[in-house]
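Q: Quick one: structure below, then a few questions.
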Amino acid sequence: MITLKNIHKTFGKKPYEVHAIRGADLNIEKGEAVAIFGPSGSGKTTLLEIIGVLSKITIGEYFIGNENVSLMKDSKKAYLRNSRFGFVFQTFNLIPDMTVYHNVEVPLQYSKDIKGKKKDLIKAAIESVSLSHKCWQVANKLSGGEKQRASIARAIVLEPDIILADEPTGNLDSENGKIVIDLLMDFWKRGKTLILITHNESLAKKFPRILKIFDGKITYDGPPENFI
Amino acid sequence: MTVLRKILFKIKKTGFRGVPLNFRTLSTVAGIVLGVAALTASFNFSETARKEILKSIEGMTNDLVFIRNLSISGKSSKKAKESVSESFHDEDSRIKNLITGKNAELLTESINELDGASPVIKDTFTIMLPHVKRNRFSLLGVNSEFSNIFRIRFFKGRFFYPYEELSNKRLCIISKDTALEIFGREKVIGKYLSLYDTELKIIGIIDDFENTPFIDKTNIVITPYSTFINLTGKSDIPHFLVTRLKKDSDNTLAIAKIETVLMRNRNEKLFKIWDQNHYIEKRKQMARTVEWLVTSISFLILFVASISCSNIMILSVNQRTQEIGIRRAVGATKIDILGMFLFEGFILMTAGGLLGIIGGFFLTSEILKPLPTLISSYKGWQFDFTAFSVIRTLGVLFLIAFISSLIPAWHAAKLDPAQALRQ
């Protein structure tokens, strides 16, 4: 479903350019759960941003299904992000002065193919993360765990194929971290694809597939059993 | 309703969530309000000025020819006349060369192309009456052909006949506003007007006559030329002679003939002849200049307002970079983000614009409308709040709102989603 061929990503201009990704080849099938593991600055987030069509590739080719993402126009990329991906970030990235309801509504504002009533979809997504009682609470008044659950509700409201989570437990205590991981795993168990970045090796090992990145290169791609 | 709902949906789709109500927004709106108010008032001023200038030449024909004495001894024309008056009996050859009232008859008799000629001599007088608000009036001394030359339309009564002029009859014709100011709604014909300790019988009330820049049509009293000279003791040196050319006459040829006739008994040309063409063109140019000037100033005002609007939009974009990133991440296109900020700018400008137009209305009614009573140059001008000025202001406003919002909005739309999320 997701195919990356010899992906390179550099930031800045010569001679000060920084190579974030150096020749990544990757293939992720529908329904997989992949943990991306690596130290800080290794390029995990950049790789996730490339997969989530948030960042342009410097060199290489990126396919979703048979479609070459690198050649797509901005509007098509936006459509792809809206319809195929759900994002969960370490810093939650909720719009702080908007309520949970309205934050969850944001992806629907840009959706061209909503199935069912907007209100029902939003309420169902909020209910699935057990936040119905905080539905009309402004985002910046929520606790860290609640913020992340609201962020998950926003990510799944349009029932995307793929959830991209960038260290979703990084800012949470272990109890809330567990709730969040359980919610994401539930999503995967429903047949969706989950790609998650983590520093936490024990969390990474819960995933059937681990990608280890070091210095912009994928140094390990396999099951947790062989992961050292 | 469906269309409105569609528009509202489109606006909501851009992610527009209203404008933050803080000091910066309020001060920006205040700037826009002032700018727009000044702009609306300026448009009203320029529109009125243009209309009034053009009105002053409306109906002005090119077949009136004027002859005026030039100044002598380097003095202004007025001073020259005074000096002439003081030393009228001096054997000064130069004074002999000045135009006199009698030259009007000479011109009519000698030149076939002329349909009458009249001297015009002016003075001002004051009537101290408790009920008269504007008590300064113009007294004109003219001959009987003046009525025909200026196509006078009478409200009541008539003009004086040639014999009445020749016999120094103490008569006068007054303008309608003079009649109203002095006598109110009383019957005026046959009544007497006391000037220079002399009673002048009113025989006519003027409704209107042909426009000319050289005679103010308001507050005038007209007497026969000879009566004027007798009353005021002034010398026979008119302010100017005026003649009307017959239909289809050649102006250049007629002017040349007038010059030839007037130069017959003169050894020095101390007069100037002109028709109204030059004046009409000058006034038209003045109308264009007023409009251009006011429009330029107005654009300057709006430019400042637009910088202010642009500034707040840039700040808004900077403050909401992360939100832009979030929205891009969940499916907003560049166009959506562009629309969101353009709409925000539009709302700012509309709020400021509408309040500014109300301000413009007050500026027009409180500052411009009283101008004609305060400054004599604007006498008779009517400053109104016109729909045209509102339309023009709104047009300029939305253009500037669009331009001032476009740059920050485009900057926001251009942001790479990942980069925006990291900020």
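Taken together, the values in this text are just the output of simple stated rules run on the coordinates, not laboratory data. Everything quoted here is computed from the prediction, not taken from an experiment. Don't worry about glycine lacking a Cβ; one is built from the backbone with ideal geometry, like all the others, and counts go over all protein chains shown.
Q: Suppose we keep just the DSSP beta bridges with both residues in chain B; what percent of those would be antiparallel, to 5?
A: 75 percent
Q: Counting only residues 5 or more places away or on other chains, whose amide H sits under 5 Å from the amide H of B:Leu114 once H atoms are built in the peptide plane?
A: Residues meeting the amide H criterion: B:Lys246.
Q: Kindly write out, for region B:254-265 in residue order, the coupling ³J(HN,Hα) from the Karplus curve 6.51 cos²θ - 1.76 cosθ + 1.60 (θ = phi - 60°), rounded to whole Hz, with x marking Gly and Pro.
A: 4, 4, 5, 5, 4, 4, 4, 4, 5, 8, 4, 9
Q: Sequence-distant or interchain residues sharing an amide H contact under 5 Å with B:Arg158, placed H: which?
A: B:Gly204, B:Ile205
Q: Then there is this: Taking a quarter of the surface of the Cα convex hull of chain A, what do you get in nm²?
A: Taking the Cα atoms of chain A, their convex hull projects to 12.7 nm² on average.
Q: Let me ask you something else. Taking N as the number of residues in region B:294-423, what value does Rg over Cα atoms divided by 2.2 N^0.38 Å take?
A: The reported ratio for this selection is 1.43.
Q: Turning to a different aspect of this structure: Round to the nearest 0.05 the FRET efficiency obtained for B:Lys414 and B:Lys51 when R0 = 56 Å and r is the Cβ-Cβ distance.
A: 0.75
Q: Right, next: What length, rounded to one decimal in nm, is gained on full extension from B:Thr289 through to B:Phe214, with 0.36 nm per residue of separation minus their alpha-carbon distance?
A: Contour length minus the Cα-Cα distance gives 24.8 nm.
Q: Taking the Cα centroid of region B:283-359 and of region A:1-53, what is the distance between the two, rounded to the nearest whole Å?
A: 40 Å
Q: Hey, got the average number of other protein chain Cβ atoms within 10 angstrom for residues in A:102-112?
A: Across A:102-112, the average partner-chain Cβ count within 10 Å equals 4.
Q: Please report the net charge: other residues with Cβ closer than 11 Å to the Cβ of B:Lys191, K and R +1, D and E -1.
A: Values: positive: B:Lys187, B:Lys201; negative: B:Glu186, B:Glu199.
With Lys, Arg at +1 and Asp, Glu at -1, the neighbours total 0.
Q: Mind listing the long-range amide H neighbours of A:Phe87? Cut-off is under 5 Å, sequence gap 5 or more, other chains count too, H placed in the peptide plane at 1.01 Å from N.
A: Amide H to amide H, under 5 Å and 5 or more residues apart or across chains, A:Phe87 pairs with A:Leu164.
Q: How long is region B:219-272 along each principal axis, judged by its Cα atoms, biggest number first, in Å?
A: Projected onto its principal axes, the Cα set of region B:219-272 covers 37, 31, 15 Å.
Q: Ratio of chain B's C-alpha Rg to 2.2 N^0.38 Å, to two decimals?
A: Normalised Cα radius of gyration, chain B: 1.48.
Q: Now, a different point. Counting Lys +1, Arg +1, Asp -1, Glu -1, what net charge surrounds A:Leu142 among other residues with beta carbon under 15 Å of its beta carbon?
A: My count for the surroundings of A:Leu142 gives +2.
Q: Using only Cα atoms, tell me the angle between helix A:74-84 and the longest principal axis of chain A; keep it within 0 to 90° and round to the nearest 10.
A: 60 degrees
Q: Still on this model: Calculate one ³J(HN,Hα) per residue across region A:24-38 by plugging θ = phi - 60° into the Karplus curve 6.51 cos²θ - 1.76 cosθ + 1.60, and present them in order as whole Hz with x for glycine and proline.
A: Using θ = phi - 60°, the values come out as 8, 10, 7, 9, 10, 8, 4, x, 7, 10, 10, 9, 9, 10, x Hz.
Q: Hey, what number do you get for the protein assembly as shown at 222 nm if only DSSP H runs of n ≥ 4 count, each worth -39500 (n - 2.57), divided across all residues, to the nearest 500? Mind dumping the intermediate values first?
A: Values: 23 runs with 301 residues, N = 651.
Mean residue ellipticity at 222 nm (helix-derived): -14500 deg cm²/dmol.
Q: Distance between the C-alpha centers of region A:103-119 and region B:96-123? Whole Å please.
A: A separation of 90 Å, based on Cα centres.
Q: Across 10 Å bins from 0, what is the distribution of all Cα-Cα pair distances for region B:263-334, in whole percents?
A: 14, 17, 15, 14, 12, 9, 7, 5, 4, 2
Q: Could you work out the Kirkwood radius for region B:64-272, taking every pair of different alpha carbons, averaging 1/r and inverting it, reported in Å?
A: 17.9 Å
Q: Please compute the Cα-Cα pair-distance distribution of the protein assembly as shown with 10 Å bins starting at 0, giving whole percents from short to long.
A: The calculated distribution, bin by bin, is 3, 12, 16, 13, 9, 7, 7, 7, 8, 8, 6, 3, 0, 0.
Q: What are the ³J(HN,Hα) couplings of region B:220-225, residue after residue, when phi is run through the Karplus curve with 6.51, -1.76, 1.60 and θ = phi - 60°? Round to Hz, x for glycine and proline.
A: My calculation for region B:220-225 gives 10, 10, 10, 10, x, 4 Hz in order.
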